[in-house]
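Colleague: If you scroll down you'll find the structure; I have some questions about it.
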Amino acid sequence: MKAPISHADAVQLFVDRREWQDGVYASVQAILDRLHKADGYEIHPFERGRIEDLMQSLKNG
């Protein structure tokens, strides 16, 4: 989760931060591999629906 990623492939993670601080992001692949959990992060609430839809579409083929 330390390398730059494309905005199209970015998923915002939920972290305590100030309004002026940049968000913390992970790639969709890192989310699917659950690497964010290993680092102690959660998916930001507004991203959860998108990730759930993506996971459902992967299950359905």
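The values are calculated or read from the model by the stated rules, or taken from the named source; none is laboratory data. All figures in this text were calculated on a predicted structure; none of them were measured in a lab. When we count neighbours, we look across all protein chains shown, and the Cβ atoms used for this are built from the backbone with ideal geometry, even at glycine. Surface areas here come from the heavy atoms of the whole protein model, side chains and all, with no ligands, DNA or RNA. Shrake-Rupley method; radii C 1.70, N 1.55, O 1.52, S 1.80 Å.
Colleague: Among residues other than L54 whose Cβ falls under 12 Å from its Cβ, what is the net charge (Lys/Arg +1, Asp/Glu -1)?
Modeller: Details: positive: R48, R50, K59; negative: D9, E47, E52, D53.
Its environment carries a net charge of -1.
Colleague: Now, a different point. Mind pulling the angle between the C-alpha long axis of helix 45-60 and the longest principal axis of the chain? Nearest 10 degrees, somewhere in 0 to 90.
Modeller: 20
Colleague: Say R0 is 25 Å: what FRET efficiency, to the nearest 0.05, do F46 and W20 get from their beta-carbon distance?
Modeller: On the way: r = 19 Å, r/R0 = 0.76.
Rounded to the nearest 0.05, the efficiency is 0.85.
Colleague: Could I ask something else about it? Counting only other residues whose beta carbon sits under 10 Å from that of F14, what net charge do I get with K and R as +1, D and E as -1? It would help to have the intermediate numbers written out before the result.
Modeller: Details: positive: R17, R48; negative: D16, E42, E47.
Here the count lands on -1.
Colleague: Per residue, how much space in cubic angstrom lies within the convex hull of the C-alpha atoms of the chain?
Modeller: Details: hull volume 5.6 nm³, N = 61.
Spelled out: Cα convex hull of the chain, divided by residues, is 92 Å³.
Colleague: Using a simple charge model, +1 on the beta-carbon of Lys and Arg, -1 on the beta-carbon of Asp and Glu, nothing else, what dipole does the chain show about its Cα centre, in debye to the nearest 20? Could the numbers behind the result be given before it?
Modeller: Numbers: 8 positive and 10 negative charges, 23 e Å.
Computed about the Cα centre, the dipole is about 120 debye.
Colleague: Based on DSSP H runs of at least 4 residues, each adding -39500 (n - 2.57), what is the mean residue ellipticity at 222 nm of the chain after dividing by all its residues, to the nearest 500 deg cm²/dmol?
Modeller: Working: 3 runs with 25 residues, N = 61.
Helix contribution divided over all residues of the chain: -11000 deg cm²/dmol.
Colleague: OK, next. If you roll a 1.4 Å probe over the chain with all protein chains in place, what percent of the accessible area is carbon or sulfur? Walk me through the numbers on the way to the answer.
Modeller: Numbers: 2400 of 4830 Å².
Ligands and nucleic acids excluded, carbon and sulfur reach 50 percent.
Colleague: Taking only protein heavy atoms into account and a 1.4 Å probe, give the accessible area per residue of the chain in Å². Write down the numbers at each step before the final one.
Modeller: Working: 4830 Å² over 61 residues.
It amounts to 79 Å² per residue over the chain.
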